Amino acid sequence: MNRKYRKTVIAGNWKMNKTPSETKEFMNQLKTIMPKGRWCDVALCVPAVCIPAAVRAMRDTRVGIGAENCNANASGAYTGEISTGMLVDAGCKYVIIGHSERRAMGETDADVNAKVLAALEAGLTPIMCCGESLEQREAGITDEWIAMQIKLGLAGVSEDKIRKVVIAYEPIWAIGTGRTATPEQAEEVCENIRAVVRKLYSSKNARAISILYGGSMNEKNAFELLAQPDIDGGLIGGASLVPEKFVQIIEAANQPTV
Ligand code: PGA
C-alpha cells in the first residue's frame with residue numbers, strides 16, 4: 001500500500017452466496033464490529049437480488065455496495081441482464097468486471113472493455129479483474145498475459161477516467177483454493193500492472209491507481225500481502241462471507257505504511 005498516492009480498497013466478492021435475508025443479517029453484524037478508522041475504502045459486491053437489502057442496511061455507513069457483473073448496453077432485449085444505470089439507481093457504487101469465473105463462462109476481453117467503459121460512463125467504480133492460469137504461470141507468460149488483459153480491458157478509457165478504475169490481480173490458481181500467491185509473487189505482478197498503466201497513461205496516473213490482490217486472501221495472510229508497496233487492497237471471496245474475518249482484513253489495511 002502507499003496511502004500517500006492512492007486509495008486502499010478492501011472489497012468483498014460474495015459470488016453466488018447469501019440470500020437477501022442473510023444479507024440483512026450479515027450487514028447488521030458487520031455494522032456492530034466495523035473499525036472506526038477511515039484508512040481504506042470498503043466495498044461489498046453482492047448478488048443482484050441482495051443489492052437492495054445491502055444498500056438499505058449500509059445507508060449510513062462508509063461501506064459501498066457493488067454488483068458482481070453488469071451489461072454494457074443501456075437497455076433493451078437482453079433477458080436476464082442488468083445495466084449500469086439500474087445498478088446506480090439501486091444504490092451501487094462499485095461493479096466487479098471480468099472476474100475469471102465469468103471469463104470461464106465466455107466473457108471476452110472485448111466484453112470486459114465494453115463493461116468498463118459503461119461502468120465509468122454511469123459513474124460506477126469498475127473493479128476490473130485480471131489473472132493467469134497455473135499453466136500460463138508455469139509457461140512463464142504471466143507478465144505478457146496480464147499486460148494484454150490490462151491493455152484490452154482499458155482500451156478507450158480516457159486519461160481523466162483512468163484513476164477511477166480499480167484493478168484486481170487474481171491468479172486463477174489462487175482463487176478459492178486456499179493457495180495464496182506469496183506476497184512477493186503478488187507484488188511482482190501488481191508492480192508489472194502499474195508499469196503497464198504507466199506506459200499507457202502517465203507516471204502520475206500509474207501512481208494514483210489502486211491495484212488489489214485477490215485469491216485466498218484471508219485474515220491471516222492479509223497483513224503481509226497489504227504490506228507490499230504495489231498491493232493497494234484486496235478482493236476477497238470466501239473470507240468476506242464472515243463479518244469477523246472481513247473486519248480483520250480491514251484492520252490489516254490499517255497498518256502503518258510509507
Ligand atoms: P477467494 O475468492 O478469496 O475465495 O479465493 C477471491 C475472488 O474470486 O474474488
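The values are calculated or read from the model by the stated rules, or taken from the named source; none is laboratory data. As the structure is a computational prediction, the values presented were derived from the model and not from experiment. Backbone-built Cβ (ideal geometry, glycine too); neighbour counts: all protein chains shown. Remember, those area values only see protein heavy atoms, side chains included, never the ligands or the DNA or RNA. Shrake-Rupley method; radii C 1.70, N 1.55, O 1.52, S 1.80 Å.
For the chain, with only Lys/Arg (+1) and Asp/Glu (-1) charged at the beta-carbon, what is the dipole magnitude about the Cα centre, in debye rounded to 20? Kindly include the intermediate steps, with their values, before the conclusion.
Details: 30 positive and 30 negative charges, 205 e Å.
Dipole size: approximately 980 debye.
Can you tell me the dipole magnitude for region 175-258 around its Cα centre, using point charges on the Cβ only (Lys, Arg +1; Asp, Glu -1), in Debye to the nearest 20?
Numbers: 8 positive and 10 negative charges, 74 e Å.
So the magnitude is around 360 debye.
With an 8 Å cut-off on Cα pairs and a minimum separation of 6 or more residues, tell me the relative contact order of region 183-256 in percent. Working shown, then result.
Values: 92 pairs, mean separation 23.4, N = 74.
After rounding, I find 32 percent.
Under a 10 Å cutoff between Cα atoms, tell me which one of 184, 219, 138 has the largest fluctuation in the Gaussian network model of the chain.
With Cα springs under 10 Å in the chain, the top fluctuation among 184, 219, 138 is at 138.
Out of the DSSP beta bridges found with both residues in the chain, what percent are antiparallel (nearest 5)?
Values: 0 of 30 bridges.
Given both bridge residues lie in the chain, the antiparallel proportion sits at roughly 0 percent.
For region 99-207, max minus min Cα coordinate along each principal axis, in Å, sorted largest first?
Over region 99-207, Cα extents along the principal axes are 36, 32, 21 Å.
Out of 82, 146, 193, any idea which swings most in a Gaussian network model of the chain, alpha carbons joined below 10 Å?
82
What's the magnitude of the charge dipole for region 63-185 around its Cα centre, counting Lys and Arg as +1 and Asp and Glu as -1 at the beta-carbon? Answer in Debye, nearest 20. Could you put the intermediate results ahead of the total?
Working: 10 positive and 17 negative charges, 63 e Å.
The dipole magnitude comes to about 300 debye.
Enter the accessible area of residue 182 (Å², nearest 10), with the probe set to 1.4 Å and all protein chains included.
Solvent-accessible area, nearest 10 Å²: 60 Å².
Does a label point 7 Å from the Cα of residue 177, set along Cα-to-beta-carbon, have any residues of region 216-258 with amide nitrogen under 15 Å, and which are they?
Residues 216-217 fall inside that zone.
Please compute the per residue accessible area over region 90-157 with all protein chains in place, 1.4 Å probe, rounded to a whole number of Å². Write out the running numbers ahead of the final one.
On the way: 2810 Å² over 68 residues.
Counting only protein heavy atoms, the per-residue value for region 90-157 is 41 Å².
Under Stokes-Einstein, with the Kirkwood radius over Cα pairs standing in for Rh, what whole-number D in µm²/s applies to region 1-125 at 10 °C and 1.306 mPa s?
Details: Rh = 15.3 Å.
My calculation gives 104 µm²/s for D.
What is the Å³ per residue value for the convex hull set by the Cα atoms of region 201-250? Mind showing how you got there, number by number?
Values: hull volume 3.7 nm³, N = 50.
Spread over its residues, the Cα hull of region 201-250 gives 73 Å³ apiece.
Can you tell me the Rg and Dmax of the chain, counting just the alpha carbons, in angstroms?
My reading of the Cα-based Rg and Dmax gives 16.9, 50 Å.
Ordering 19, 8 by how much accessible area each has at a 1.4 Å probe, largest first, what is the list? Walk me through the intermediate numbers first.
Numbers: 19 60, 8 5 Å².
Result of the area sort, largest leading: 19, 8.
Using a 1.4 Å probe on the protein heavy atoms only, what accessible surface does residue 223 show? Give it in Å² to the nearest 10.
Approximately 110 Å² of residue 223 is accessible to the 1.4 Å probe.
For the chain, modelled as a GNM with alpha-carbon contacts under 10 angstrom, which of 210, 83, 240 fluctuates the most?
Highest fluctuation of the listed residues: 83.
Share of region 101-147's accessible area from carbon and sulfur, percent, 1.4 Å?
Numbers: 1150 of 2140 Å².
C and S fraction of accessible area: 54 percent.
Taking the Cα centre of the chain as the origin and placing charges on Cβ (Lys, Arg +1; Asp, Glu -1), which of 145, 180, 122 is farthest toward the positive end of the dipole?
122
With r as the distance between the Cβ atoms of residue 79 and residue 21 and R0 = 35 Å, compute the FRET efficiency 1/(1 + (r/R0)^6) and round to 0.05. Numbers along the way, then the final one.
On the way: r = 26 Å, r/R0 = 0.75.
Computed FRET efficiency for residue 21 and residue 79: 0.85.
Placing +1 on the Cβ of each Lys and Arg and -1 on the Cβ of each Asp and Glu in the chain, which of 202, 238, 88 has its Cα farthest towards the positive end of the resulting dipole?
Going by the charge dipole, the pick is 88.
Put a dot 7 Å past each Cα toward the Cβ at residue 143 and residue 31; how far apart are the dots in nm?
Inter-label distance under the simple model: 4.9 nm.
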